[in-house]
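Student: One structure, as structure tokens, below. Some questions next.
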Amino acid sequence: MKFLAILLFIVCLQTAAFTQNISVSGRVVDGETKDTLKGASVFAQSTTTGTITNSEGKFNLSLKQGGYDLIISYTGYYTQTIRVTGDTSDMEVQLMKEDKSMSEVVIQSTNEVRDGWEQYGSFFIDHFIGTTPSAKQTSLLNPDVLKFFYYRRSNKLKVLATEPLMISNNALGYTIRYELDSFIYNYPTEMSSYRGNGFFTEDTAASRFQEREWKANREKVYYGSKMHFIRSYYDGVIKEEGFLIDVLDAKDDKNFYRIANPYDSTLFFAGDGTSEVEIYYPTKMSILYTKKIPEPEYLIQYGLPMDVKMQISYVDILHPIILKENGYYFQQKDWINQGYWSWKNIADLLPFDYTP
């Protein structure tokens, strides 16, 4: 009966989802003087939806149902992030001016590599934009805004940007404005991580052929992706969409076992009267996508057999994760990818308002 109740809840979510958009409006002001800030940038992170404030500092956005981090920025001020899950009206966003002295300290850091792009540029591109087929058609348009820092004691590489990165993805037909907070590569663990806010603009296709090609490439990237998995989990159709979940045996860290019911109450919780679901797996997950095989480039790069029949990703969830119907989740730091999904970087990102 408990499982039936969960399924009924999911059906209700599917019926309500995408029936109407989320309306978000407000006003952006200086946090000290309360003066209006005309021309402030307001966008939903990793979507194609954004705007700038008018002469009164006001903005209005219409978003598809789901969860979003609203990013508000203005030159000379600290960027602010606001979580949005439903209609929000007449909010007042107060931005504080940046401390220029702190920026100067960063710029003058003794750990900065003077010829950083020459030394680490291609390495950064491989780990940030990627090495996938999509990455071969993706380029960073303004590499001169990057600053590279190497820390000998911890053996880490850190990359910052003085301005938003402009990225052209000709494989998927997007231009991405990416506000990079930081990129870090840990040499001892061979793991990289990056944080930032991306805004997608759809490019104009030069021909019908290119338009069809972009559509096909976007679908190819979407199916089997983390976004596809989260949306499938939310909608209650994991198995139907081709996903299987194995988890690491807590008593034997060399063996995984299959999860028969991903909607068991020990793993999945759907709150009454909300559009949120929560998942938590205390041990490492192995997520298998059975409807596609990995690209040869992935198998070669990681030294895997060429006859692998499915895409396999490994995920560590550090704390419970709240999933939204558009595939977004707010606890970005608490989800760690390894395996196939870790191979997918900026060049294979789709905006959260994308639908196949």
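Where a number appears in this text, it was derived from the coordinates with a stated rule and is not lab data. Keep in mind it's a predicted model, so treat the numbers as computed, not measured. Using ideal geometry, Cβ is built from the backbone for each residue, glycine included, and neighbour counts are taken over all protein chains shown.
Student: Could you give the dipole magnitude of the chain about its Cα centre, charging the beta-carbon of Lys and Arg +1 and that of Asp and Glu -1, in debye to the nearest 20?
Tutor: 480
Student: Of the residues Leu141, Leu318, Leu180, which exhibits the maximal mean-square fluctuation in a Gaussian network model of the chain defined by a 10 Å Cα contact cut-off?
Tutor: Fluctuation is largest for Leu141.
Student: Less than 30 Å apart at the alpha-carbon level, and either on another chain or at least 8 residues along: which lysines does that give for Lys34?
Tutor: Excluding near neighbours in sequence, the set is Lys58, Lys97, Lys100.
Student: Kindly write out, for region 231-239 in residue order, the coupling ³J(HN,Hα) from the Karplus curve 6.51 cos²θ - 1.76 cosθ + 1.60 (θ = phi - 60°), rounded to whole Hz, with x marking Gly and Pro.
Tutor: Each residue's phi maps through the Karplus curve to give 4, 5, 4, 4, 7, x, 10, 4, 5 Hz.
Student: Hey, what did region 223-348 get for relative contact order, percent, Cα under 8 Å, at least 6 apart?
Tutor: It rounds to 27 percent for region 223-348.
Student: So for region 138-266, taking the charge dipole from beta-carbon charges (+1 Lys/Arg, -1 Asp/Glu), which of Leu160, Tyr223, Ser193 sits furthest toward the positive end?
Tutor: It is Leu160.
Student: Here's a follow-up. How do Ile317, Ile336 line up, fewest other C-beta atoms within 10 Å first?
Tutor: If I rank by nearby Cβ atoms, fewest first, I get Ile336, Ile317.
Student: Cross-link partners among lysines for Lys215, C-alpha distance below 22 Å, same-chain residues fewer than 8 apart left out?
Tutor: Qualifying lysines at Cα under 22 Å: Lys64, Lys136, Lys226, Lys291, Lys292, Lys344.
Student: Could you give the dipole magnitude of region 159-213 about its Cα centre, charging the beta-carbon of Lys and Arg +1 and that of Asp and Glu -1, in debye to the nearest 20?
Tutor: With only Lys, Arg, Asp and Glu charged at Cβ, the dipole is about 80 debye.
Student: How large is the charge dipole for region 223-348, taken about the Cα centre, if only the Cβ atoms of Lys, Arg (+1) and Asp, Glu (-1) carry charge, to the nearest 20 debye?
Tutor: I would put it at about 240 debye.
Student: Which aspartates and glutamates, on any chain, are close to Lys251 with Cα under 19 Å apart, when same-chain ones fewer than 8 places away are left out?
Tutor: Leaving aside aspartates and glutamates fewer than 8 places away in the same chain, those within reach of Lys251 are Asp316.
Student: What are the extents of the Cα atoms of region 100-202 along their three principal axes, listed from largest to smallest and rounded to whole Å?
Tutor: 40, 34, 22
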